[in-house]
1. List every residue pair whose Cβ atoms lie under 6 Å apart, where the two residues are 6 or more positions apart in sequence or sit on different chains, the first residue falls within region 92-121 and is buried (at least 18 other Cβ atoms within 10 Å of the Cβ), and the second residue, located anywhere, is of a type in the set (D, E, K, R).
2. Just give me the residues in region 276-294 being in a helix (DSSP H, G or I), open to solvent by 40 Å² or more (accessible area, probe 1.4 Å) and not aromatic (Phe, Trp, Tyr), in sequence order.
3. Among the candidates Phe64, Phe56, single out the residue that is part of a helix (DSSP H, G or I) and either closer than 21 Å to Arg137 by Cα or free of Cβ contacts under 8 Å to residues at least 24 places away in the same chain (or both).
4. Could you list all residues from region 239-271 that are modelled with pLDDT of 75 or more and of a type in the set (Val, Ile, Thr)?
5. Output the residues belonging to region 295-321 that are open to solvent by less than 30 Å² (accessible area, probe 1.4 Å) and closer than 19 Å to Ala74 by Cα.
6. Just need a number here: residues in region 67-91 that are β-branched (Val, Ile, Thr), in a helix (DSSP H, G or I) and touching a residue at least 60 places away in the same chain (Cβ under 8 Å).
Amino acid sequence: MIVPTPESLLHGLLLPLGSLIVFMSLSLLVANVLEAMNWTRFLARLAAPLVRLGRFKDVSGASFSLAFVSGMAANTVLAESYERGTLSRRELILANLFNSMPTYFLHLPTMFSLAAPFLGSVATLYVGLTFFAAILRTAGVVLAGRLLLPPIPDGCVVCRLDEQKPRTPQEALARGWRLFRRRIRKVVLITAPIYTVMYFARIWGVFEAMETFLATHVGDLGFLPPQALSIVAFHLVAETTSGLAAAGAVLQGGELPARVVVLALLVGNILSSPMRAFRHQFPYYAGIFKPSMAARLIMYSQLLRAASIALVTAGFAFFTS
């Protein structure tokens, strides 16, 4: 069993955990002040057409708009409303899934900047397909909201929140600070232990063993040639950059056509994302929501993500065969 050194604990655990708590604290404070000043109604107007179509409440629309800036702040808005009873559990789940599009946009520049040096022009095709999958997810969630959520009042673009009365900035800041102090202790007490468990699970090889197990079974993907399986395996046992590097090497060597390389990257994306999402998201999700709800939200999100990318992968394989 690996025993971490003080230096590795500092750089691998304490500093990242401190940064996470600082960002969570800022997001929590911003979200509370936004709600206290009733700015969520303004944010919800930005997503009004989709909000109306999906029968979401204004707080869900506000969270969607806020997610283009900070996914953590967007989830905090949902958690606050759910705890006050403004959102039902069903709408909380759908609203969290609804935020997948803005969350994707947050990571889009990074994804493309990583893929382009390795894949060249093929990066546009790969990233474009993942973008189309994000559009499908949003359309699916809006349709689910239309079918599963109760109708909102006629003519209502952003429905009324409990906090309808105007507040002065001073009153809003005071209320936001009170809510912040009430929640920050819970956030720290839940997030810090979970993040620590995740850290030791990583250095003791728990996640690596799981990923290696999956990588050893990529041979079951019979529709991909052996050279493409190496791309999937690198996606699983290392970070995304390794999978892109392997794909770039295969492309430059002319061993596989671009179509097969893109298929391998999409398959690797489907298989590798759930483990990484749980490892990176669960500590801060559990600080915002209850741990059981946090696990459920991540599970639903990854199932929807995998299904959308699998659908796009199947369509791409069919139309380019």
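1. Ser100/Arg137
2. Residues satisfying the conditions are His280, Gln281, Pro291, Ser292.
3. Details: Phe56 fails: part of a helix (DSSP H, G or I).
Step by step, each of Phe64, Phe56 is checked, and only Phe64 is part of a helix (DSSP H, G or I) and either closer than 21 Å to Arg137 by Cα or free of Cβ contacts under 8 Å to residues at least 24 places away in the same chain (or both).
4. In the first step, residues of region 239-271 are kept if they are modelled with pLDDT of 75 or more; the result is 243-251, 254, 256-271.
Within region 239-271, Val250, Val260, Val261, Val262, Val267, Ile270 meet the criteria.
5. Leu297, Ile298, Gln302
6. Keep residues of region 67-91 that are β-branched (Val, Ile, Thr), which gives 69, 76-77, 86.
So of that shortlist, the ones also in a helix (DSSP H, G or I) come out as 76-77.
Among the residues that remain, those that are also touching a residue at least 60 places away in the same chain (Cβ under 8 Å) are: 76.
Of the residues in that region, 1 qualify.
The values are calculated or read from the model by the stated rules, or taken from the named source; none is laboratory data. Note that this is a predicted model, so its numbers are computed, not measured. Note that each Cβ is placed from the backbone with ideal geometry, even for glycine, and that neighbours are counted across all protein chains shown. With ligands, DNA and RNA removed, areas are computed over all heavy atoms of the protein, side chains included. Shrake-Rupley method; radii C 1.70, N 1.55, O 1.52, S 1.80 Å.
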